[in-house]
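Worksheet: the structure to be examined is printed underneath.
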2 protein chains.
Amino acid sequence: MKRISPNEAWTGVADCLNCNIRQSVLFSDLSEADFDLVHRPIDQLTYARGAEIYGMGEKATSLFTIRTGLVKLTRFLPDGTHRIVRLLRKTDIIGIESIVSDSYSHSATALHPTELCRLPVGTIRELSNSNSRLFHELMARWHRALSEADRWITEFSTGPSRDRVVRLLLWLSEVEPDGRCELFSREDLGAVLGLTTETASRMMAELKRQGYISEPHTNQFLCDIPNLRRLVA
Amino acid sequence: MKRISPNEAWTGVADCLNCNIRQSVLFSDLSEADFDLVHRPIDQLTYARGAEIYGMGEKATSLFTIRTGLVKLTRFLPDGTHRIVRLLRKTDIIGIESIVSDSYSHSATALHPTELCRLPVGTIRELSNSNSRLFHELMARWHRALSEADRWITEFSTGPSRDRVVRLLLWLSEVEPDGRCELFSREDLGAVLGLTTETASRMMAELKRQGYISEPHTNQFLCDIPNLRRLVA
DNA sequence: CGCCCTGTTGATACGATTCAAATATCGTGG
DNA sequence: CCACGATATTTGAATCGTATCAACAGGGCG
């Protein structure tokens, strides 16, 4: 439940012009001249599993591009309960609300070891005034975020627990080859799907027994995608 | 279940300069000169209860500002089930995805009699190139939409059915004075909260019996806001 | 080695769904 | 304006699924 001593490390200044995920990144359309306008350096940071990137309500000063890893966004309700409202991975942006809001809307925590680029919001604001492509790219990001939120509602918050688990496995497999997918704690799994830890665990165990998934290493699963798909068709 | 012959009516060309919700509208910051750039007229439309405004997957050509009424956005799953993913009301925008997407992400249907202004997406795209305030306003709208989606996940898709119903009643009361709130069918209520029609109905009946809400007219409720709040604190 | 944390499993209680029936409401045409 | 049929809502009883509480197994770490 409680996660203490999160751990974060600075790993260098980003070289955006030679970024290896450049084509899917916020700055993909920027010219070399545009980069001259970026005065403050863009830092690269590494977070360990469980490390908090920012907290809900904290002053929002930066947005982040995920280079590798998996990040959860958590929201807390007044009654003390909480729910994971999104999972973000390579090339996704977290903290995009900093452009238009003073504070972060969620807590962001690394679920897997994660590398980020930190973009000071001032930089983004300046660039987006002069660069309409960046603006369009930003809009597309908002759209993507909203689409994911909608999927969360329809796929991860609706229907019986087994279907929700299956849909999440399929979602996690989307970006990895041959049905590989890396999971995380049963507690977080429950918080994604609006289920208890025990139910999440039971469903995973049952899928394993029925041969839909196997677990070569801890939390490294192999999914029988076609049959899983059939389960939730 | 089935709603046929939805009904829509053109009620005039909008006079944006003298709009009575101008301060909360997308064009609030536009100058008179900006409006000269708006070549195509902005139509005002009226929709009856149950009328479809656009369908999921349809070619997205316009976005709409809600002047009065209540609109549901529905998403359909491959297995045939559906879920209402957002409710939108006065000053909200629907179809904002048309700016960056070819097709609408949801079906939009009027739950109450509804008046809209239809803004051709071309107009928005042109204006947002030259007008950085419109830019910023658009971003703020995306942010608002995303925040609402997050509320949907945490408040309307999590926890026991009674709490979900109560949270929705509080949400509906937010924009109306003294705990008034206008509801809609139990079926839609269920589709908002991820519950069956029967469960939604039972919860409403129980809240009524316990005195938390009363129903002076059909689907016109009076809510005891402080005590309802206490229920979900 | 033993402790703590996470995950798994079991038994039971509770809550939501399902199916069915009765009642209320709405819209329409007489 | 009322009566009728269609539709929506409410209620009931049985079933099913999930939460809860509790116990236990396994792995990692001091």
Cross-chain or 6+ apart pairs with Cβ under 6 Å, the stretch B:200-214 first and away from every other protein chain (no Cβ under 14 Å), then away from DNA strand C (no atom under 13 Å from the Cβ) and β-branched (Val, Ile, Thr): B:207/B:213
Criterion violated by residue A:158 - all others in (1) within 14 Å of DNA strand C (Cβ to nearest atom); (2) touching a residue at least 12 places away in the same chain (Cβ under 8 Å); (3) within 8 Å of another protein chain (Cβ to nearest Cβ); (4) of a type in the set (S, T, N, Q) satisfied: (2)
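This table checks each residue for (1) without any contact (Cβ under 8 Å) to a residue 40 or more places away in the chain; (2) within 11 Å of chain B (Cβ to nearest Cβ); (3) within 26 Å of residue B:160 (Cα to Cα); (4) within 16 Å of DNA strand D (Cβ to nearest atom).
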position	(1), (2), (3), (4)
A:122	no, no, no, no
A:127	no, no, no, no
A:138	no, yes, no, no
A:142	no, yes, no, no
A:174	yes, no, no, no
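Considering only residues that are among the hydroxyl-bearing types (Ser, Thr, Tyr) and assigned to a helix (DSSP H, G or I), look in the stretch A:166-214 and name the one that is farthest from DNA strand C (Cβ to nearest atom). Walk me through it before giving the result.
Of the residues in the stretch A:166-214, the ones among the hydroxyl-bearing types (Ser, Thr, Tyr) are A:173, A:185, A:196-197, A:199, A:201, A:212, A:214.
Among the residues that remain, those that are also assigned to a helix (DSSP H, G or I) are: A:173, A:197, A:199, A:201.
Working: A:173: 18, A:197: 6, A:199: 8, A:201: 4 Å.
Only one residue fits best here, namely A:173.
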Residue in the stretch A:209-230 that is within 30 Å of residue B:156 (Cβ to Cβ) and surrounded by fewer than 18 Cβ atoms within 10 Å (Cβ to Cβ) present: yes
So residue A:32, is it at negative phi, surrounded by 14 or more Cβ atoms within 10 Å (Cβ to Cβ) and of a type in the set (Asp, Glu): no
Restricting the stretch B:158-172 to residues that are touching a strand residue (DSSP E or B) at 6+ places or on another chain (Cβ under 8 Å) and closer than 17 Å to residue B:211 by Cα, the residue that is nearest to DNA strand D (Cβ to nearest atom): B:169
Which numbered condition residue A:102 misses (of (1) under 27 Å from residue A:40 (Cβ atoms); (2) under 13 Å from the mean Cα position of the chain (by Cα)): (2)
Residue count for the stretch A:178-198, restricted to those that are within 14 Å of another protein chain (Cβ to nearest Cβ) and near DNA strand D (Cβ under 10 Å from one of its atoms): 5
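Every number here is computed from the coordinates shown, using simple stated rules; none is lab data. Quick caveat: nothing in here was measured; it's all calculated off a predicted structure. Here the Cβ is made from the backbone with ideal geometry for all residues, glycine too, and neighbour counts use every protein chain on show.
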